[in-house]
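Read the structure below first, then the notes.
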Amino acid sequence: MSQTAIKTDWDFPAFAGEGHHEVGFIRTYIFSTDHKMIAKQFLAMSLIFLALGGTLALLMRWQLAFPGQPLPGGGIFPDTMAPGGIILPEFYNSLVTMHGTFMIFFAIMPLLVGVFGNLLIPLQIGAGDMAFPKLNMLSFWLAVPAGFMMLASFFVEGGAAGAGWTAYAPLSADGEFTGVYLGQQLWLGSLFILGFSSIAGAVNYITTVINMRAPGMTWFRLPLTIWALFVTAILVLLAIPILAGALIMLLTDQTLGTAFFLPAEGGEPLLWQHLFWFFGHPEVYILILPAFGIVSEILANGARKPIFGYFAMVLAIIAIAFLGWIVWGHHMFMSGMNPLLGTTFMFTTMVIAVPSAIKVFNWLGTLWKGNIHFTVPFLHAAAFVSLFIIGGLSGIFMASTPVDIHIHDTYFIVAHLHYVLFGGSLFAIFAGITYWYPKMFGRLMNTTWNRIHFVGSFIFYNLAFFPMHGLGLEGMMRRLYDPTQYGWLAELQPWNVFITYAVFALIAFQVIFFLNFIISMWRGEDAGPNPWRANSLEWSIPSPPPHGNFERIPVVHRGAYEYSAPGWDEDFVLQNEPPSEEAVQ
Amino acid sequence: MSLLARGGAVLLLLLLAACGTEYPQNSLSPHSDFAETIHQLYVSIFWWTMFILAVVWIILAWVLVKFRAREGDEKPRQIRGHLGLEIGWTVGPALIVIAIAIPTIQAVFATQRPVSEDAMTIEVTGHRFWWEFHYPEQGITTANELVLPVDRPVNLRLGSPDVIHSFWVPKLGGKRDVNPTVAVREGEDPKYNWLFFTPQETGYFYGQCAEFCGESHAFMSMRVLVETEEDFQAWADRWRESPGALPPAGPEDPEDETELEMAGVPAQADEPDQLEIGDDDPLVAMGRDIFLNQATCLACHAIEGTSAQGDRGPNLTLFGERTTLASGILENNPENLAAWIKDPWAFKPAAAMPGVDYDMQGTAGYWPATALSDEQVRAVAAYLLSLK
């Protein structure tokens with residue numbers, strides 16, 4: 001261990017741990033400024049939206065497998081959605097749109113950024129709270145009304161937005177085309193408000209990571225989760241304003257008679273695609289970089305070894321984030337593009353394969369010659385590696401412009417994006433939730449049920465989404481209301497039925513997870529401060545940590561991945577453990 | 001975790017099995033130069049990715065089994081990295097990327113190369129929710145079934161009056177967005193997307209709108225008939241001598257309000273419109289009268305050589321030759337056609353043609369509040385099917 005000179009006589013302002021005063025119920029649980037409570041609030045909100053998004057997916061899958069048959073219990077839907085339980089095409093389009101919207105903006109993004117960002121940044125860098133606790137509270141309380149607004153759009157005249165989660169203009173810009181007026185406007189307004197929530201969070205994360213690292217917590221001692229969240233926050237800060245601008249333009253097209261995107265009056269529909277994807281591709285990395293961080297953390301913990309190639313991992317995160325800005329055109333290969341420009345986008349896109357490969361091989365290197373403990377978080381993290389690579393490799397087909405001609409807007413794309421967002425992000429989220437649950441609630445989730453959840457999810461997830469690659473290559477298109485309407489697709493219908501059953505099973509296993517999540521809060525085994533025998537700072541304090549986190553600001557002596565360091569009895573060393581005599585060389 | 005590897009192998013086999021069969025919109029059976037180029041690239045990328053997938057999965061599975069924690073294990077050695085290995089797995093993927101990029105770039109330019117001199121231009125218009133094909137050289141307009149001569153390069157000009165559609169015929173290779181034609185100042189040419197390819201085999205190909213365009217997006221299909229040059233010319237000639245054509249003389253007065261009276265007006269036996277059709281099937285004659293004189297079909301539809309010259313809906317010349325109706329979603333037969341005329345929204349919600357059952361209120365304003373009887377609908381269907 002190299003001993004760096006550490007300044008220990010920091011003059012800290014009184015942080016929240018000192019002078020701790022009793023706060024009432026409302027300040028503790030509702031309008032809390034404690035980053036851990038805000039993380040839990042985000043967790044509750046996004047799990048509810050995750051469940052809602054899953055329910056919408058169930059309805060879609062029912063229609064795709066059994067078109068024209070009444071939905072069991074579908075009588076509760078009004079006639080404008082599903083008369084007699086039979087899903088109407090316009091309602092189906094709303095389902096497609098809202099499933100994507102809820103999952104991306106209200107489930108995956110807040111789970112990764114809102115939950116883990118809030119929970120981990122202060123804890124892992126050794127800070128008492130975020131730099132701007134009230135801004136943090138505002139961030140959550142902007143997300144809630146945005147979610148309600150989005151939800152409310154189902155119940156207004158014309159129903160919820162039905163132009164796809166990408167809301168391509170002019171379809172989305174003029175209610176004439178979809179019959180949805182207010183629903184689309186609520187969609188736009190809701191995302192606009194949610195954008196402020198994200199920006200407030202991002203400003204906070206960036207400031208906190210730069211300014212509030214504990215003494216000795218140098219940049220290259222940071223856990224990779226923090227690196228990933230820090231870089232993600234920068235992406236959020238830069239990308240969301242672009243979306244906000246585009247949303248406002250679309251909203252004024254809808255309501256004030258402007259014509260940014262309306263071709264009949266000289267507007268340019270392609271402008272929407274450029275703006276949306278200039279935001280949208282960095283958004284893709286917002287949804288995966290934190291997952292990279294979580295997985296790195298947990299793989300090293302499971303293997304009881306330092307992360308392989310820490311420095312390269314950090315550079316890969318930065319490289320992916322940077323490249324994410326210059327690839328948006330690959331979503332628009334079919335939109336009509338100069339071949340030279342298309343080639344450029346194609347090449348920048350493929351280059352992302354290089355940092356991604358570095359990450360994958362470094363993960364394998366981390367496991368290599370490790371002492372692998374198959375904890376539940378580890379299982380999810382290993383599943384992430386095996387599934388993310390499928391999503392990554394299928395991405396190469398799309399990056400190759402001419403091949404994309406075939407698979408663009410088919411079920412191949414549906415398969416790809418679910419391999420990245422479900423097999424990738426969501427498995428990392430399961431890994432993260434099961435890993436940090438004890439830190440949040442002081443109790444462990446039930447391991448047996450968690451294992452059952454993992455095995456069921458892994459099997460049925462693959463059974464549900466892998467066949468979609470084949471369906472896409474056979475020419476089954478996205479946003480298809482009734483596959484049996486086409487004779488040749490009707491022959492492939494058994495696959496759709498199969499996928500739907502797999503999705504039913506997949507969702508059933510998620511119910512196990514939700515129940516385990518809730519019941520373990522009361523029934524779970526007491527976790528103790530460090531159930532995973534990990535190194536980073538959050539494990540040096542009680543679970544759940546008290547208000548203000550650290551009794552004293554910790555002093556950091558080493559990196560976050562000093563597993564199995566020689567000279568210590570245990571195979572882990574907390575980052576703030578003072579160096580022992582014999583370990584110092 | 002061997003479960004993982006085994007499950008992966010089974011699923012891979014399923015994928016390969018799915019690729020082997022022949023479905024009409026299969027991406028993997030090329031029938032044009034364009035599609036062939038893409039196919040070769042697809043195959044090379046497929047094997048590269050399978051190779052990488054196999055490497056990663058095998059290492060992962062092996063590592064997980066081999067290095068699992070056992071009783072009495074020593075602490076693992078701390079390995080923080082290995083410069084040689086790390087350079088290796090940076091350079092290796094970079095080389096693979098280049099190996100994929102080079103043929104890709106060649107294919108990009110091969111599929112978007114300059115249009116050859118002898119290419120036949122066809123103006124494709126994507127409507128909500130049907131396709132219009134205009135052949136400027138031949139002066140032909142048809143809908144939903146594109147007829148092409150084999151081995152002749154075609155250059156499709158893609159435009160739309162409403163939202164974004166996407167022209168996609170997998171076996172001929174093309175998919176390209178059909179963007180709305182943006183209004184431009186006078187003297188400027190609007191921008192169009194173009195798609196240029198040469199069909200190499202005669203045949204019957206399926207196509208589809210691939211960009212989400214609204215409620216009935218999924219029902220916006222099409223067919224492409226690739227015919228020999230002679231058959232194509234014969235088709236074009238037949239179109240010009242439209243069998244629905246009127247005799248040269250004879251009063252035509254579709255604008256006359258009285259002619260557009262509601263359905264139920266008895267057919268006038270001495271109307272010249274009814275006399276010139278080869279077969280004198282009375283049902284056909286009745287349908288023709290309804291189409292041209294009583295209902296306002298002709299407000300939107302055109303039949304070459306008749307008074308019907310509407311341009312809002314598909315051109316119905318040679319309709320009887322089409323294999324499908326309603327843009328490729330129904331087989332073209334009398335029953336389907338009658339059902340379609342009666343109630344198009346049952347098949348294609350939000351179609352511009354609201355059907356005879358619909359009240360004028362709440363639907364497209366130009367549709368007359370006409371209610372044809374079942375027999376009249378059958379007659380119209382018989383007339384349209386006689387157009388060949």
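The values are calculated or read from the model by the stated rules, or taken from the named source; none is laboratory data. All figures in this text were calculated on a predicted structure; none of them were measured in a lab. A quick note on method: Cβ atoms are made from the backbone with ideal geometry, for glycine too, and the neighbour counts reach across all protein chains shown.
Checked against (1) modelled with pLDDT of 95 or more; (2) more than 11 Å from chain B (Cβ to nearest Cβ); (3) surrounded by fewer than 19 Cβ atoms within 10 Å (Cβ to Cβ), A:V455 passes all but condition (2). The residue that is nearest to B:Q106 (Cα to Cα), among those in segment A:390-406 that are β-branched (V, I, T) and surrounded by 24 or more Cβ atoms within 10 Å (Cβ to Cβ), is A:T401.
Just to be sure, is B:E117 more than 7 Å from chain A (Cβ to nearest Cβ), acidic (D, E) and within 38 Å of the chain's Cα centre (by Cα)? Yes. Within segment A:372-419, restricting attention to residues that are assigned to a helix (DSSP H, G or I), small (G, A, S) and without any contact (Cβ under 8 Å) to a residue 60 or more places away in the chain, the residue that is nearest to the other protein chains (Cβ to nearest Cβ) is A:S386. Residue-level check: of (1) within 28 Å of the chain's Cα centre (by Cα); (2) within 14 Å of chain B (Cβ to nearest Cβ); (3) assigned to a helix (DSSP H, G or I), A:F517 misses just (2).
Cβ-Cβ distances below 9 Å connect the following pairs, each with a first residue in segment A:174-192 that is more than 17 Å from B:P349 (Cβ to Cβ) and facing another protein chain (nearest Cβ under 10 Å), a second residue that is assigned to a helix (DSSP H, G or I) and among the polar types (S, T, N, Q), and a separation of six or more residues or different chains: A:D174/A:Q254.
Tell me yes or no: at least one residue of segment B:106-113 is surrounded by 19 or more Cβ atoms within 10 Å (Cβ to Cβ), closer than 21 Å to B:L195 by Cβ and charged (D, E, K, R). There is no residue in segment B:106-113 that is surrounded by 19 or more Cβ atoms within 10 Å (Cβ to Cβ), closer than 21 Å to B:L195 by Cβ and charged (D, E, K, R). If A:S580 passes every condition in (1) touching a Lys or Arg at 6+ places or on another chain (Cβ under 9 Å); (2) surrounded by fewer than 21 Cβ atoms within 10 Å (Cβ to Cβ) but one, which one does it miss? A:S580 satisfies all of (1) touching a Lys or Arg at 6+ places or on another chain (Cβ under 9 Å); (2) surrounded by fewer than 21 Cβ atoms within 10 Å (Cβ to Cβ) except (1).
Residues of segment A:244-264 that are in contact with a Gly (Cβ under 8 Å, 6 or more places away or on another chain) and part of a helix (DSSP H, G or I): A:A244, A:L247, A:L251, A:D253, A:Q254. Would you be able to say whether some residue in segment B:326-344 is part of a loop (DSSP other than H, G, I, E, B), modelled with pLDDT under 85 and either closer than 15 Å to B:R378 by Cβ or within 14 Å of chain A (Cβ to nearest Cβ) (or both)? Checking segment B:326-344: at least one residue is part of a loop (DSSP other than H, G, I, E, B), modelled with pLDDT under 85 and either closer than 15 Å to B:R378 by Cβ or within 14 Å of chain A (Cβ to nearest Cβ) (or both).
So which residues in segment A:463-488 are free of Cβ contacts under 8 Å to residues at least 24 places away in the same chain and either under 24 Å from A:I512 (Cβ atoms) or more than 8 Å from every other protein chain (Cβ to nearest Cβ) (or both)? Hit for segment A:463-488 is A:G487, nothing else. Checked against (1) modelled with pLDDT of 95 or more; (2) facing chain A (nearest Cβ under 7 Å), B:W62 passes all but condition (2). Regarding segment A:414-425, can at least one residue be identified that is among the polar types (S, T, N, Q) and surrounded by 22 or more Cβ atoms within 10 Å (Cβ to Cβ)? Checked segment A:414-425: at least one residue is among the polar types (S, T, N, Q) and surrounded by 22 or more Cβ atoms within 10 Å (Cβ to Cβ).
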